[in-house]
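What follows is calculated from the coordinates using simple rules that are stated; it is not laboratory data. Predicted, not measured: the structure shown is a model, and the values here were computed from it. No Cβ is skipped: glycine too gets one built from the backbone with ideal geometry, and neighbour counts run over all protein chains shown.
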Amino acid sequence: MTLRLTIAPGDHFDFEIKPFSEYTVADFMRIMDTPVDETLNPFERRCADLIRHTNAPLRFVRGMSLEQVDEALAVIDQVTKEKDGAQHALHKVHETLANWANEHEGQEWNYIDAQNVLQNLGVFRQRIEVGGTVYIAPLVEPSSFGKWIDLQVAMDAEQTETESYVRACAIMVEGDDGPYPAQGEHQCDAHYAEQCDAYTQERRRLLTEARWVDVMGCAAFFFSKWPRFAELTGHNMPNLNRLLTPKTKRTRMGFPDVGELMQS
């Protein structure tokens, strides 16, 4: 839905309410990750909803007619239902895995089973395209140790679950922008650290403009396919963590000390 709000000739604001499937990560963080102020009265809450979904300045929202407000809120309600449908798919994955043993003669599910369930319910993604750049979710076994070190550092920062998807994918995906930086023979550690940081920061910037369903889907792909990835990210990805841990939740863990085995 596209709507033009006009206060005076030449003083207008155009906004579009996107379908949920087209939300970028930035849209999702602004709209869905923003807590609702429960103290607002019903009209203030509608105003806050309109601003959050449209990014329109308050003065334009205050100038809307009640008919325009009702029309926009009806579209927003439909978008919310689409978002709830995506959440329902995640809950369906959880329900399927929770009942797995009962429906498979007492046999517990494994990572391949979880992967198939996620894929069948449309949660999986293995490709992100944004700004003319294509990223794919590759096999992680050949990944360098340095990638894993940087992934744990990224996961140690305080962040939302959506931000965790972006930070993790920025390190783990492969793309047209070239491979993860390798340190040159004569390159000092500090300069190399700056190079890696610049590389991942640019990827984070691009992935924030990618579709949320694609970034979340790639994170789900990594999470369900590789226990090591889940160990490092589970504490920051509670929605995925709840799906893929039928007996124990994954807590923050790093690489084991010498001589110790890692939980799998």
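A protection proxy built from the mean count of other Cβ atoms within 10 Å ranks the segments 31-38, 76-83, 199-206, most packed first, as 199-206, 76-83, 31-38. For the pair Asp37 and Val153, the difference between a 0.36 nm per residue extended length and the Cα-Cα distance amounts to 38.5 nm. Each of Tyr135, Tyr165 was scored by other Cβ atoms within 10 Å of its Cβ. Arranged with the fewest first, they read Tyr135, Tyr165.
Of the cross-linked pairs Lys81/Lys225; Lys92/Lys147; Lys18/Lys81, those separated by over 24 Å at the C-alpha level are Lys81/Lys225; Lys92/Lys147.
In this structure the amide hydrogen of Arg127, modeled in the peptide plane, comes within under 5 Å of the amide hydrogens of Ala137, none closer than 5 places in sequence on its chain.
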